[in-house]
1. Given (1) surrounded by 18 or more Cβ atoms within 10 Å (Cβ to Cβ); (2) touching a helix residue (DSSP H, G or I) at 6+ places or on another chain (Cβ under 9 Å); (3) within 18 Å of residue 70 (Cβ to Cβ), identify the lone condition not met by residue 113.
2. In segment 93-103, is there at least one residue being in a strand (DSSP E or B) and more than 20 Å from residue 20 (Cβ to Cβ)?
3. If you scan segment 23-69, which residues turn out to be touching a helix residue (DSSP H, G or I) at 6+ places or on another chain (Cβ under 7 Å) and in a loop (DSSP other than H, G, I, E, B)?
4. Provide a single number: the residues in segment 25-71 that are under 17 Å from the mean Cα position of the chain (by Cα) and of a type in the set (Lys, Arg).
5. Looking only at segment 72-90, decide whether some residue is surrounded by 15 or more Cβ atoms within 10 Å (Cβ to Cβ) and in a strand (DSSP E or B).
6. I'm trying to understand the selection: among the residues of segment 1-52, which are of a type in the set (D, E, K, R), over 19 Å from residue 95 (Cβ atoms), without any contact (Cβ under 8 Å) to a residue 40 or more places away in the chain and surrounded by 13 or more Cβ atoms within 10 Å (Cβ to Cβ)?
7. Could you list all residues from segment 1-22 that are within 21 Å of residue 62 (Cα to Cα) and not in a strand (DSSP E or B)?
8. Could you give me the residue pairs with C-beta distances under 9 Å whose first residue belongs to segment 93-108 and is under 18 Å from residue 81 (Cβ atoms) and hydrophobic (A, V, I, L, M, F, W, C), whose second residue is surrounded by 11 or more Cβ atoms within 10 Å (Cβ to Cβ) and modelled with pLDDT under 95 wherever it lies, and which are 6+ apart or on separate chains?
Amino acid sequence: MRIQTVSVFVDDQQRALDFYTGVLGFVVAADVPLGEHRWLTVASPEQPDGTQLSLEPKAHPAVPPFTSALVRDGIPFLQLEVDDVQAEYDRLRAAGVTFVQPPTAMGPVTTAVLDDTCGNLLQLARLTDS
């Protein structure tokens, strides 16, 4: 058993696609029209056949209050592993990305939290070598 797709709920699929590909650097894995929405997934360019992130529209009535509560409480919806949190923070800040938490060492892990412009907070993380 393997994880194939994980969903992140987004306010606008096209804006999310632009951010996740154009800013974060993911590649499109699937883009299939489904009525007013799309089956839209992205993947790491380092693992294009690996786990996909579905940019899922916030169509279900339970989703907007859930995601709003997470943002209001400063809780990231998902975590993205990076090789160097500080380097990614610097790159993304230069691209205009808003961070709600700068790189912070917390024991064996360093994290930073950013706003994905589509209604979510995302955490960048790297486990430090022991």
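The values are calculated or read from the model by the stated rules, or taken from the named source; none is laboratory data. Worth saying up front: this structure is predicted, and the values here are computed from it rather than measured. Heads up, the Cβs are rebuilt from the backbone with ideal geometry, glycines too, and the neighbour counts pull from every protein chain shown.
1. (2)
2. First, pick out the residues of segment 93-103 that are in a strand (DSSP E or B): 99-103.
If we keep only those that are more than 20 Å from residue 20 (Cβ to Cβ) too, we end up with 102-103.
Checked against the condition, which is being in a strand (DSSP E or B) and more than 20 Å from residue 20 (Cβ to Cβ), segment 93-103 yields at least one hit.
3. 26, 58
4. 1
5. Checked against the condition, which is being surrounded by 15 or more Cβ atoms within 10 Å (Cβ to Cβ) and in a strand (DSSP E or B), segment 72-90 yields at least one hit.
6. 31, 38
7. So in segment 1-22, the residues within 21 Å of residue 62 (Cα to Cα) come out as 5-13, 16.
If the condition is that a residue be within 21 Å of residue 62 (Cα to Cα) and not in a strand (DSSP E or B), then 11, 12, 13, 16 are the ones that fit.
8. Note: pairs meeting the criteria are 105/128.
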